[in-house]
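I have placed the structure first, in the form of structure tokens, so that the comments after it can refer back to it.
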Amino acid sequence: MDHRLDAFVASLPKAELHLHIEGTLEPELMFRLAARNQVALPYPDVAALRAAYQFTDLQSFLDIYYHSAAVLRTEDDFAELMAAYLEKAIAQGVVRAEIFFDPQTHTARGIPFAVFMEGFDRARSRYAGQISADLIMCFLRHLPEASALATLEAAGPYLDKIVGVGLDSSEVGHPPQEFARVFAEARATGLRTVAHAGEEGPPEYIWGALDVLGVERVDHGVRCLEDGKLVARLATEQTPLTVCPMSNVRLKVVETMAQHPLRQMLEAGLNVSINSDDPAFFGGYIGDNYREAALALQLTEEELAAIAQRSLAQSFETV
């Protein structure tokens with residue numbers, strides 16, 4: 001491990017803009033909450049659970065991800081989850097976090113909005129002096145738009161605690177165009193907009209996210225390099241792309257970190273930041289993503305500092 005590099009990365013004030021709070025559920029906390037809430041897990045211990053984190057694609061990860069969320073039941077559970085992430089983020093130099101959460105994952109289990117929103121808010125308030133953190137409510141794209149519209153309506157009393165909306169879950173076969181109405185309604189309420197596109201899905205999904213959903217940031221976007229016109233547009237408009245290197249390797253978007261397109265994206269003049277996505281499942285938080293990308297792609301300290309500064313400029317709040 002390169003301790004000097006880790007210290008340098010931690011010293012960089014940075015924003016994390018692509019982070020799923022449910023994806024920060026570490027196995028140890030998962031087992032503790034399962035015991036507290038009397039939820040049976042299909043794994044005998046933490047080691048067996050970690051051994052199951054051998055993903056072949058996005059869907060193989062999502063199958064475990066959604067099952068794991070079942071241990072989250074009470075306001076205290078959601079507060080503990082958020083607090084654990086914020087402590088790690090602060091230690092790695094994050095001064096601004098815009099955190100995804102998936103309400104449909106919880107409301108489908110009978111968990112009311114008030115439970116997770118109050119839990120998240122309690123933890124955010126506790127660390128308010130150390131990190132600026134806001135929530136981005138994501139719609140699950142494998143569910144119909146009607147479910148997303150109902151979720152936006154249910155979120156009404158809590159919109160003052162939400163900075164924006166996003167689109168996540170299974171990408172292939174679920175183009176952004178399917179969610180045009182709910183994004184239009186979200187924008188009408190003043191919410192900011194982002195969407196996952198161009199991770200496993202084709203470049204056309206990035207076009208759709210921009211032109212149909214009107215997103216201000218594209219989450220992932222790594223497959224943009226397959227479309228020269230799209231690259232030129234993203235470079236000209238400096239559209240923020242929230243890239244997650246370790247996630248892309250673990251989900252087989254690329255085979256190795258050395259093959260990751262981050263270096264090509266930088267050389268093309270694209271506005272990229274580095275983020276951790278679902279760090280409990282992918283083996284590393286934001287600092288780890290900076291380090292692994294730097295080592296494999298030979299990123300200089302100047303390049304890392306520029307990426308960190310760019311992440312702050314990409315955020316929906318001036319820090």
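The values are calculated or read from the model by the stated rules, or taken from the named source; none is laboratory data. Note that the structure is predicted; figures quoted are calculated from it, not measured. Methodologically, a virtual Cβ is constructed for each residue, glycine included, from the backbone with ideal geometry; neighbour enumeration extends over all protein chains shown. SASA here: full protein model, heavy atoms, side chains in, ligands and nucleic acids out. Shrake-Rupley method; radii C 1.70, N 1.55, O 1.52, S 1.80 Å.
List of remarks:
- Tally of residues being more than 20 Å from ALA296 (Cα to Cα) and either in a loop (DSSP other than H, G, I, E, B) or of a type in the set (D, E, K, R) (or both) across the range 235-260: 3
- Checked against the criteria, LEU210 counts as surrounded by 15 or more Cβ atoms within 10 Å (Cβ to Cβ) and within 22 Å of ALA148 (Cβ to Cβ).
- Hey, LEU140 crowded, with 21+ Cβ neighbours inside 10 Å and either free of Cβ contacts under 8 Å to residues at least 40 places away in the same chain or in contact with a His (Cβ under 8 Å, 6 or more places away or on another chain) (or both) or not: yes
- Only a single item in (1) in contact (Cβ under 8 Å) with a residue 40 or more places away in the chain; (2) of a type in the set (A, V, I, L, M, F, W, C); (3) closer than 22 Å to VAL172 by Cβ is not met by ALA280, and it is number (3).
- Count of the range 276-295 residues which are within 18 Å of ASP2 (Cβ to Cβ), open to solvent by less than 40 Å² (accessible area, probe 1.4 Å) and part of a helix (DSSP H, G or I): 8
- Hits in the range 284-295 - residues which are out of contact with any Pro (no Cβ under 8 Å at 6 or more places or on another chain) and in contact (Cβ under 8 Å) with a residue 40 or more places away in the chain: GLY287, TYR290, ARG291, ALA294, LEU295
For (1) touching a Pro at 6+ places or on another chain (Cβ under 7 Å); (2) within 30 Å of ARG126 (Cα to Cα); (3) at pLDDT below 95; (4) β-branched (Val, Ile, Thr), each residue gets a yes or a no:
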site: ARG4; (1), (2), (3), (4): no, no, yes, no
site: PRO13; (1), (2), (3), (4): no, yes, no, no
site: LEU33; (1), (2), (3), (4): no, yes, no, no
site: ASP45; (1), (2), (3), (4): no, no, yes, no
site: ASP57; (1), (2), (3), (4): no, no, yes, no
site: HIS67; (1), (2), (3), (4): no, yes, yes, no
site: ASP77; (1), (2), (3), (4): no, yes, no, no
site: ALA84; (1), (2), (3), (4): no, yes, no, no
site: GLY93; (1), (2), (3), (4): yes, yes, no, no
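- Test: ARG126 is under 18 Å from ALA35 (Cα atoms), at pLDDT 95 or above and either among the aromatic types (Phe, Trp, Tyr) or open to solvent by 50 Å² or more (accessible area, probe 1.4 Å) (or both): no
- 3 or more residues in contact with a helix residue (DSSP H, G or I) (Cβ under 9 Å, 6 or more places away or on another chain), closer than 24 Å to LEU312 by Cα and of a type outside the set (Asp, Glu): qualifying helices (runs of 4 or more DSSP H) within the range 72-128: 75-91, 113-126
- Taking (1) closer than 22 Å to GLU26 by Cα; (2) in contact with a Ser or Thr (Cβ under 9 Å, 6 or more places away or on another chain); (3) buried (at least 23 other Cβ atoms within 10 Å of the Cβ) in turn, VAL194 satisfies each apart from (1).
- Boolean, GLU216 is open to solvent by 10 Å² or more (accessible area, probe 1.4 Å) and farther than 30 Å from ILE90 by Cα: no
- The set of residues in the range 200-234 that are within 30 Å of GLY190 (Cβ to Cβ), part of a helix (DSSP H, G or I) and of a type in the set (D, E, K, R) comprises GLU204, ASP211, ARG233.
- Selected residue (only one of VAL254, VAL231 is under 29 Å from ALA84 (Cβ atoms), modelled with pLDDT of 95 or more, surrounded by fewer than 22 Cβ atoms within 10 Å (Cβ to Cβ) and touching a helix residue (DSSP H, G or I) at 6+ places or on another chain (Cβ under 7 Å)): VAL254
- Selection within the range 2-53 - farther than 17 Å from PHE78 by Cβ, without any contact (Cβ under 8 Å) to a residue 40 or more places away in the chain and either touching a Lys or Arg at 6+ places or on another chain (Cβ under 8 Å) or not in a helix (DSSP H, G or I) (or both): GLN38, ALA40, LEU41, PRO42, TYR43, PRO44, ASP45, ALA52
- Any hit, the range 148-164, residues being touching a residue at least 40 places away in the same chain (Cβ under 8 Å) and assigned to a strand (DSSP E or B): yes
- From SER68, SER60, residue being open to solvent by less than 10 Å² (accessible area, probe 1.4 Å), under 30 Å from GLY173 (Cβ atoms) and not hydrophobic (A, V, I, L, M, F, W, C): SER68
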